Amino acid sequence: QVQLVESGGGLVQAGGSLRLSCAASGSIFSRNTMGWYRQAPEKQRELVATITSGGSTNYADSVKGRFTISRDNAKNTVYLQMNSLKPEDTAVYYCKYSSSYSYRDYWGQGTQVTISS
């Protein structure tokens, strides 16, 4: 079992910044992928960014150049630095953990990010 604890969500003005964090605990495999997804009201959940334990990253086109994903392997924690925020970034952000050694993925409960216009 893997538990994901998220923090950092909140309300910020357009153009501002916010940093999300997600700490994983439990049966963590050293080789894994962690990432952030988001879901706006009445929309499908979409990928924001992912990062492997080796440091390889992947970003959605909509956030490239504005968001940066990073991780601290010693702490099993992943971060999402969000800059130049736009109202379109408003959504519930979910942390995800996955590993080829695990039969399933794990999700956090989600944290609300609201960008005022």
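The values are calculated or read from the model by the stated rules, or taken from the named source; none is laboratory data. All of these numbers come straight from a predicted model, not from anything done at the bench. For neighbour counting, all protein chains shown are included, and Cβ atoms are generated from backbone atoms with ideal geometry for every residue, glycine included. Accessible surface areas use protein heavy atoms only, side chains included; no ligands, DNA or RNA. Shrake-Rupley method; radii C 1.70, N 1.55, O 1.52, S 1.80 Å.
What does the charge add up to near Arg71, with Lys and Arg as +1, Asp and Glu as -1, over the other residues with Cβ less than 15 Å from its Cβ? Its environment carries a net charge of +2. Dipole check for the chain: with +1 at the C-beta of Lys and Arg, -1 at the C-beta of Asp and Glu, and the Cα centre as origin, the magnitude is about 180 Debye. Summing Lys and Arg as +1 and Asp and Glu as -1 over all other residues whose Cβ lies under 10 Å from the Cβ of Ser98 gives a net charge of +1.
For a paramagnetic label modelled on Tyr101 (point 7 Å from Cα along Cα→Cβ), amide N atoms under 16 Å away belong, within the stretch 1-38, to 1-3, 24-34. Could you list the GluC sites (Glu not before Pro) in the stretch 20-117 that lie in coil according to DSSP, counting only those with at most 16 other Cβ atoms within 10 Å of their Cβ? Those satisfying the criteria are Glu42. With all protein chains kept in place, the per residue accessible area of the chain amounts to 55 square angstrom at a probe of 1.4 angstrom.
If you sort the three axes of the alpha carbon gyration tensor as a ≥ b ≥ c, you get a/c of 1.5 or more for the stretch 1-44 and a/b above b/c, which makes it prolate.
Provide the net charge surrounding Gly108, with neighbours chosen by a C-beta distance below 15 Å and charges set as Lys +1, Arg +1, Asp -1, Glu -1.
+3
Extension gain for Glu46-Arg31 works out to 3.1 nm (0.36 nm per residue, less the C-alpha to C-alpha distance).
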